[in-house]
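Participant: Can you keep this structure in mind? I'll have questions shortly.
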Amino acid sequence: MYRIFIVEDDAAIASTLARQIQMWGYEVRCAEHFQDILSEFQSFDPQLVLLDLMLPFYNGYHWCSEIRKISRVPILFLSSASDNMNIVMAMNMGGDDFIAKPFDLNVLTAKIQAILRRTYDFAKAQEALGCRGAVLNTADASLTYQGQRLELTKNDYRILQTILERKGKVVSRDLLMQRLWETDCFVDENTLTVNVTRLRKKLESVGLHDFIVTRKGMGYLISEEL
């Protein structure tokens with residue numbers, strides 16, 4: 001369950017936001033002590049901050065700057081001051097998005113979900129699809145290793161994705177062929193062998209030797225252990 005911290009001094013708006021966000025299953029806390037937002041932030045340890053721009057004691061820019069000294073948590077600014085200068089300043093101070101008041105609650109919810117998905121779901125996928133310092137980039141179907149970027153074909157990517165998703169386990173040739181079939185390209189036993197051989201040569205070109213191991217009569221394996 002994601003934790004969302006609402007920093008909004010208008011009690012009516014804060015409570016409305018809290019009810020809306022809680023309906024989607026998120027844990028919510030509204031700021032209470034506007035002279036010390038940072039302490040409340042650290043106590044709650046949220047995964048997202050909704051931060052009003054105009055606040056008592058110190059404005060949202062100040063608290064965004066303070067939070068950025070200790071955390072990279074995404075910050076979504078809320079403000080009726082939605083001129084371009086404020087939007088640019090909010091982004092430059094470390095904000096991740098800006099929504100103008102008055103706003104549609106459904107639009108706000110969609111923005112919250114998008115930010116959480118980009119920040120956390122993608123990071124998890126990236127972590128899951130990596131091994132021995134090599135990372136399979138889902139965004140552009142490439143592989144990075146020690147600062148080198150390796151372009152992958154459609155089949156290269158699908159083979160690595162399938163084996164890395166089952167890292168540490170033997171992946172059968174049948175499963176690989178099924179996954180390659182999903183690319184609308186039929187692959188027989190011999191063609192799969194050719195594809196894996198070519199992929200191994202590409203991996204070796206960036207220093208990844210024996211990255212894909214053959215288990216005779218079983219399939220292929222990628223493991224943290226050399």
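The values are calculated or read from the model by the stated rules, or taken from the named source; none is laboratory data. Remember, predicted model here, so these are calculated numbers, not experimental data. Note that we place each Cβ from the backbone using ideal geometry, even for glycine, and neighbour counts take in every protein chain shown.
Participant: LEU105 passes all but one of (1) under 30 Å from TYR61 (Cβ atoms); (2) at pLDDT below 85; (3) in contact with a helix residue (DSSP H, G or I) (Cβ under 7 Å, 6 or more places away or on another chain); which number fails?
Facilitator: It fails just one condition, (2).
Participant: Out of the residues in region 46-72 that are outside any helix (DSSP H, G or I) and of a type in the set (Lys, Arg), state the one that is nearest to LEU108 (Cα to Cα).
Facilitator: Of everything passing the filter in region 46-72, ARG72 is nearest to LEU108 (Cα to Cα).
Participant: Just give me the residues in region 43-60 being polar (S, T, N, Q) and either touching a strand residue (DSSP E or B) at 6+ places or on another chain (Cβ under 7 Å) or closer than 19 Å to LEU116 by Cα (or both), in sequence order.
Facilitator: GLN47
Participant: So PRO102 ticks every box in (1) touching a strand residue (DSSP E or B) at 6+ places or on another chain (Cβ under 8 Å); (2) under 19 Å from ILE13 (Cβ atoms); (3) not in a helix (DSSP H, G or I) but one. Which box is left unticked?
Facilitator: (1)
Participant: Out of all the residues in region 59-69, which are over 15 Å from ASP10 (Cβ atoms) and either in contact with a Leu (Cβ under 7 Å, 6 or more places away or on another chain) or surrounded by 14 or more Cβ atoms within 10 Å (Cβ to Cβ) (or both)?
Facilitator: TYR61, HIS62, TRP63, CYS64, GLU66, ILE67, ARG68
Participant: Within the set of pairs 6 or more residues apart or between chains, which connect a residue that is in a strand (DSSP E or B) inside region 138-161 to a residue that is loosely packed, with under 15 Cβ neighbours inside 10 Å with Cβ atoms less than 8 Å apart?
Facilitator: Here the result reads SER142/ARG149; SER142/GLU151; LEU143/ARG149; TYR145/GLY133; TYR145/GLY207; GLN148/GLY207; LEU150/SER205, each pair linking region 138-161 to a residue that is loosely packed, with under 15 Cβ neighbours inside 10 Å.
Participant: In addition: Looking at the structure I just gave you, is GLU40 under 25 Å from ASN86 (Cβ atoms) and among the acidic types (Asp, Glu)?
Facilitator: yes
Participant: Another question, if that's okay. Please verify whether ARG72 is charged (D, E, K, R) and surrounded by 15 or more Cβ atoms within 10 Å (Cβ to Cβ), treating the condition exactly as stated.
Facilitator: Taking the combined requirement at face value, the residue does not satisfy it.
Participant: Looking at region 193-216, which of its residues are in a helix (DSSP H, G or I), more than 16 Å from ARG132 (Cβ to Cβ) and of a type in the set (D, E, K, R)?
Facilitator: Across region 193-216, the qualifying residues are ARG198, LYS201.
Participant: Out of (1) at pLDDT 90 or above; (2) touching a strand residue (DSSP E or B) at 6+ places or on another chain (Cβ under 7 Å); (3) surrounded by 15 or more Cβ atoms within 10 Å (Cβ to Cβ), the odd one out for PHE34 is which?
Facilitator: The failed condition is (2).
Participant: When region 9-30 is examined, which residues are found to be part of a loop (DSSP other than H, G, I, E, B), of a type outside the set (Ser, Thr, Tyr), within 26 Å of the chain's Cα centre (by Cα) and within 23 Å of ARG68 (Cα to Cα)?
Facilitator: Selection gives nothing.
Participant: Right, here's the next one. Looking at region 37-58, can you tell me whether even one residue there is at positive phi and surrounded by 12 or more Cβ atoms within 10 Å (Cβ to Cβ)?
Facilitator: Checked against the condition, which is being at positive phi and surrounded by 12 or more Cβ atoms within 10 Å (Cβ to Cβ), region 37-58 yields at least one hit.
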